[in-house]
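Remarks on the structure that follows.
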Amino acid sequence: MADARLIQALRRGEGLDRLWQDWGPPTWSICLGMAPDRARARELLADIARSLPLAVPGWSLDASICCQMSKLVWQRISIRLELPAPASIEIEAPARTATPTSDQLRRRLAACPPEHRVIYLLDLYYRCPSAILAELSGWGEEQVRAARAAVAWSLVAEEAS
């Protein structure tokens, strides 16, 4: 109900600053996770910020803000980074896991296919349900779950010494 009221306010031209204040930081994190460098991440973020006022009038009052933001971010990142269509997704659970350092985490995340990475990041930062991610991506829910799992396992796999 609160999301519907916020969307109505946004349609009247009110609350866009508040929306961006709440959703800008996780959107920045997603851009950082998707872009090859900080400059490109800033370009992605600026593109999303510019697109936000144009997207709001089409937002459904029945959908949550997280789902609306996921849709916008998915669309902009898919276009700007020219994400490929999903291929088959193999999930390999590692024999051993370990907590990665921040450098290892960045490196491992960057090594994941971008079409899997964006699904993982939307889930992580927006907590978008797999059904919504499937609808956005055109994938099946099983593919969405497989993409999230493949990325998650690759992040915690213990490196061979």
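Quick grid of which residues meet (1) in contact (Cβ under 8 Å) with a residue 40 or more places away in the chain; (2) of a type in the set (Val, Ile, Thr); (3) in contact with a Gly (Cβ under 9 Å, 6 or more places away or on another chain); (4) closer than 17 Å to Val156 by Cβ:
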position	(1), (2), (3), (4)
Trp28	no, no, no, no
Arg38	no, no, no, no
Arg42	no, no, no, no
Leu61	yes, no, no, no
Ser70	yes, no, no, no
Ile77	yes, yes, no, no
Glu82	no, no, no, no
* Find the residue count for region 6-25, including only residues that are under 19 Å from Arg127 (Cβ atoms) and acidic (Asp, Glu). => 1
* **Selected residue (criterion: surrounded by the fewest Cβ atoms within 10 Å (Cβ to Cβ)) from residues of region 8-33 that are of a type in the set (A, V, I, L, M) and in contact with a helix residue (DSSP H, G or I) (Cβ under 7 Å, 6 or more places away or on another chain)** => Leu16
* From the residues in region 26-56 that are among the β-branched types (Val, Ile, Thr) and out of contact with any Phe, Trp or Tyr (no Cβ under 8 Å at 6 or more places or on another chain), which one is nearest to Tyr120 (Cα to Cα)? -> Ile48
* Matching residues in region 14-41 - criterion: being among the acidic types (Asp, Glu) and farther than 17 Å from Asp103 by Cα -> Glu14, Asp17, Asp22
* To do: Evaluate region 45-55: report whether one residue or more is more than 20 Å from Leu6 (Cβ to Cβ) and either in contact (Cβ under 8 Å) with a residue 60 or more places away in the chain or surrounded by 14 or more Cβ atoms within 10 Å (Cβ to Cβ) (or both).
  => yes
* To do: Kindly indicate the residue of region 114-155 that is over 20 Å from Ala35 (Cα atoms) and polar (S, T, N, Q) and also surrounded by the fewest Cβ atoms within 10 Å (Cβ to Cβ) among those meeting that condition.
  => Ser130
* To do: Please go through region 102-151 and pick out each residue that is among the small types (Gly, Ala, Ser), closer than 23 Å to Trp23 by Cβ and free of Cβ contacts under 8 Å to residues at least 60 places away in the same chain.
  => Ser130, Ala131, Ala134
* Within the group Arg80, Arg76, Arg148, which residue is in contact with an Asp or Glu (Cβ under 8 Å, 6 or more places away or on another chain), part of a helix (DSSP H, G or I), within 27 Å of Arg5 (Cα to Cα) and of a type outside the set (Asp, Glu)? -> Arg76
* Structure fact -> By residue number, the members of region 66-101 that are surrounded by fewer than 16 Cβ atoms within 10 Å (Cβ to Cβ) and charged (D, E, K, R) are Glu82, Glu90, Glu92, Arg96
* To do: Check whether at least one residue in region 58-67 is in a loop (DSSP other than H, G, I, E, B) and under 19 Å from Leu83 (Cβ atoms), and report yes or no.
  => no
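Values quoted throughout were computed directly from the atomic coordinates according to the rules given, and no laboratory measurement underlies them. Keep in mind it's a predicted model, so treat the numbers as computed, not measured. All Cβ positions, glycine included, derive from the backbone under ideal geometry; neighbour counts span all protein chains shown.
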